[in-house]
Amino acid sequence: MNSSPQSSPGETMDRTQQQVQRSELPEVIQNAKKRVAEKYRPMHRTLRLDITKPNRAVHIAGTALKINLYMSAPPSSRFFSVKCSPQVQIRISPAPSDAGPAPLRSSSVLLFSMDSPSVAVNDSKLSVMYYGKNSEVLAKAVLHLTSVEIYLDVDADRDGEVERNNPNKGSWTWGPDGQGAILLVNCDSERTYGKRVDSEQKDVTRVSDLKDMSPMLLRIRGPPSLPEGYKLALHISQKDGSSLRVFRTRSTEDVHRGLINLFYSSFVKDYPLVVGKEILSQEVPYRGGNSESKFYVEGLRFPDSDFDGLVQINLSLLEPSSKGCPETPIFTDRVVFRVAPWIMTPNTLTPVEVFVCSTSDNAQFVKAVRRLVQDYGCKLKICSEFKNRGDRWMQDEMEFGYIDSPHQRFPVVLDSPRDRGLQDFPFDELLGPDFGYVSRLANSEEVTSLDSFGNLEVSPPVTVNGKEYPLGRIIIGVAFPTTTQGRNMTRVVQDFLWAQKVQEPIALYSDWLTVGHVDEFMTFVPAPDRKGFRLLLASPEAGYKVFRRLQIHGHGQANMFDGLGEKQEIKVDDILADEKLQADNNFVQGCIDWNRDVLKRELGLEDDDIIDLPILFRVDEEDCRAAAFYPDMVNMLVLGRTLGVPKPFGPRVEGRCALEAEMIRLMEPLGLSCTFIDDFSSYHQLLGEVHCGSNVRREAFTFRWWHLQV
């Protein structure tokens with residue numbers, strides 16, 4: 001190191017002279033040096049020299065320090081020269097033209113950086129000499145330097161590995177070439193008894209819980225310690241404090257320093273909380289040499305109306321100030337995460353497990369569902385009456401979905417705000433290791449039938465006017481747009497669904513129904529052609545065509561509800577002669593057609609993508625809302641290419657139900673088989689059907705949500 005205390009302008013070749021000699025290097029080398037200099041421009045840190053005493057500074061790799069030479073100079077200074085250790089790279093602006101001391105101008109600026117981290121504190125040096133008019137030495141400023149590489153790293157390229165200093169780690173972009181880390185809401189429970197959602201636990205209670213968190217590394221290359229008074233701090237904003245927590249891995253050095261009692265060590269103490277809602281900033285250990293410190297980032301809440309899903313974590317190097325004053329941040333590295341959305345699964349995905357309730361009057365229904373599930377080959381879970389407390393509407397209580405990241409994926413059940421007999425089932429029976437739970441409470445909003453999740457569906461993947469929805473689109477039912485007194489799904493649930501972004505919701509008009517659920521007039525089934533699915537719609541018009549065809553062929557005396565007893569039976573001729581029933585179904589067909597047009601527009605469908613199922617409705621004279629006249633075949637259980645369809649009890653012709661025959665005729669070209677399930681007394685007469693009384697957890701999409709173009 002060149003460090004003579006006071007040298008005259010011509011005594012020793014200084015860095016100014018060396019730079020002049022470099023100007024004679026080939027142009028390609030000069031251009032390379034220029035590119036190196038250019039990369040520092042966005043990350044300059046201003047530094048001030050002190051000519052009264054030696055000073056110290058910490059240099060961070062990837063940054064440059066900037067000194068205004070004119071501001072630091074004695075008043076009568078006319079020239080300056082710069083000397084530095086070999087590890088220090090400098091650039092002077094404006095560049096001097098001579099080999100001797102450079103003229104001091106008001107615009108004279110020194111930029112410097114260091115190629116490699118320091119081995120010891122203050123092991124490099126930079127000095128600036130100021131000269132008067134006659135080259136007399138007026139002052140010398142000495143700066144002792146320590147160089148450190150500090151990177152806060154995450155899996156910004158979404159490949160499951162934490163890469164080193166990804167330049168895009170501080171931002172988040174969508175798409176297959178997007179960048180930015182992903183954070184899961186830690187909404188499962190590692191406990192199976194006395195359980196709580198893990199994100200509501202105060203500490204990390206199981207080692208298995210760490211896999212639900214996103215890894216983050218603090219990578220350091222530098223001397224064994226920082227200069228006295230310098231420290232590292234991890235910090236988050238108050239806004240982000242309610243959305244994430246960060247835990248760190250305690251090192252063996254921490255143990256040796258007595259930070260934990262070895263005789264009272266526990267797993268919790270091995271992963272202390274660093275930052276969260278109550279601790280927005282905390283010092284983290286500096287481990288020198290070539291070290292890595294591992295952190296685990298935990299998501300606490302899903303995107304919602306007041307949270308866009310983006311969070312930021314900062315790591316700052318703090319420099320000591322005057323006694324009694326707080327430290328000053330001189331460098332900050334930051335990383336950005338997006339919280340993974342909750343994603344619904346459509347009927348076209350593979351079933352994993354079917355859920356149904358057992359009640360005092362539905363044994364035959366459960367038996368039929370059990371046989372159907374066994375034939376298909378997935379699992380069945382039956383909720384006993386003791387647990388369901390007489391509530392048979394498994395579909396209405398919850399909706400299955402999942403969350404996904406490059407390092408972890410697990411199912412998450414969304415609990416509806418309806419809160420009837422099944423209200424504890426999702427939490428008590430489903431929440432567990434790698435099975436998450438989320439709910440939305442209505443608070444002051446009125447909960448109506450439209451908040452049951454028979455009113456919440458999702459389409460298969462679609463493309464609409466060139467825009468792709470590879471995860472499909474959520475479908476909900478609401479009141480007609482011009483209606484002021486109608487029922488609607490609560491705002492908290494709607495806001496939650498919209499905030500997930502990846503399955504942009506569609507609102508249909510369902511308030512015309514007594515129960516008010518979209519699954520009463522529509523569903524999706526897989527198909528081998530076109531878009532890979534068909535939309536099935538209830539159609540009174542198609543129903544009347546079946547009955548008129550029966551009448552034309554001489555079957556007008558055939559009985560609807562055949563086999564259910566004389567009190568239920570009604571002849572085909574009487575159905576066609578019922579003017580009130582015809583008027584009811586004209587109204588219903590108009591409501592369904594309105595929704596049909598919305599679905600065609602919002603899902604990019606054509607008429608050939610839609611199949612009309614023959615279903616009639618009755619409208620209640622008091623509230624002018626409709627319910628299915630006979631078991632509603634569209635309200636089905638879809639297990640791959642096997643359909644569990646409500647048995648319609650239609651007119652029998654030559655020993656065969658005409659409505660069943662029509663359903664089979666419509667489904668057979670798609671390779672779908674129909675199993676008709678008797679739900680008449682146990683569900684239909686209570687204003688529900690097979691779909692209402694069952695639920696299905698399905699496999700996740702193979703498409704990764706972060707590849708979506710939003």
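Just so you know, all these numbers are worked out from the coordinates, no wet-lab data involved. Since the model is a prediction, treat every value here as computed from it, not as a measurement. Cβ atoms come from the backbone with ideal geometry, glycine included; neighbour counts cover every protein chain shown.
Along the principal axes of its C-alpha atoms, what lengths does the range 394-501 span, in descending order and rounded to whole Å?
Reported extents, whole Å, longest axis first: 46, 44, 22.
Gain in length, SER208 to GLN582, computed as 0.36 nm per residue apart minus the alpha-carbon separation, to one decimal in nm?
128.6 nm
How much length would be gained if the chain were fully extended between ASP620 and CYS378, taking 0.36 nm per residue of separation minus their Cα-Cα distance, in nm to one decimal?
Going from the current span to full extension adds 83.2 nm.
Nothing charged except the Cβ atoms of Lys and Arg (+1) and of Asp and Glu (-1): what's the magnitude of the dipole of the range 564-661 about its Cα centre? Round to the nearest 20 debye.
The dipole of the range 564-661 has a size of about 440 debye.
Just want to confirm a number: the relative contact order over the range 154-339, from Cα pairs under 8 angstrom separated by 6+ residues, in percent.
That works out to 29 percent.
Using only Cα atoms, locate the centre of the range 638-662 and the centre of the range 88-158, then give the distance between them in Å, rounded to an integer.
So the separation of the two Cα centres works out to 85 Å.
What is the antiparallel percent of DSSP beta bridges lying wholly in the chain, to the nearest 5?
75 percent
Taking the Cβ-Cβ separation of PHE703 and TRP498 as r and a Förster radius of 22 Å, what is the calculated FRET efficiency to the nearest 0.05?
Efficiency, rounded to the nearest 0.05: 0.60.
With each pseudo-label sitting 7 Å past Cα toward Cβ, what's the SER171-GLN485 distance in nm, one decimal?
The modelled label-to-label distance comes out at 5.4 nm.
So how much slack lies between ARG48 and LYS367, counting 0.36 nm per residue of separation and subtracting their Cα-Cα distance, in nm?
That pair, ARG48 and LYS367, stretches by 106.6 nm at full extension.
For the range 343-704, what percent of Cα pairs sit more than 26 Å apart?
48 percent
Taking the Cβ-Cβ separation of GLU200 and GLU429 as r and a Förster radius of 22 Å, what is the calculated FRET efficiency to the nearest 0.05?
Plugging the Cβ-Cβ distance into 1/(1 + (r/R0)^6) gives 0.75.
Output the peptides 370-382, 688-700, 409-421, 172-184 sorted from most to least packed, where packing is the average of other Cβ atoms within 10 Å over each peptide's residues.
Peptide ranking by packing, descending: 688-700, 409-421, 172-184, 370-382.
Using 7 Å Cα-to-Cβ label points, what is the LEU104/GLU283 separation (nm, one decimal)?
Modelled inter-label distance: 3.8 nm.
Could you work out the local net charge near LYS545, counting Lys and Arg as +1, Asp and Glu as -1, over the other residues with Cβ closer than 10 Å to its Cβ?
-1
Simple spin-label model, 7 Å along Cα-to-Cβ: THR463 to LYS133 in nm?
8.0 nm
Assuming R0 = 30 Å, can you tell me the calculated FRET efficiency for the pair THR332 and GLU446, based on Cβ-Cβ distance, to the nearest 0.05?
0.05
Check GLU319: other-chain or 5+ apart residues with amide H under 5 Å from its amide H, H built from backbone geometry?
Those lying under 5 Å, H to H, from GLU319 are THR328, ILE330.
With the contact rule set at Cα under 8 Å and sequence spacing of 6 or more, what percent relative contact order holds for the chain?
This gives 11 percent for the chain.
Using alpha-carbon positions, what is the distance between the centroids of the range 181-247 and the range 515-550, in Å?
49 Å
Using the scaling law 2.2 N^0.38 Å as the reference, what is the normalised Cα Rg of the chain?
Relative to the rule-of-thumb radius for its length, the chain sits at 1.34.
Which of the trypsin sites (Lys or Arg not before Pro) found in the range 491-573 are in a DSSP loop and have at most 13 neighbouring Cβ atoms, other than their own, within 10 Å?
Loop-located and lightly packed - ARG530, LYS567.
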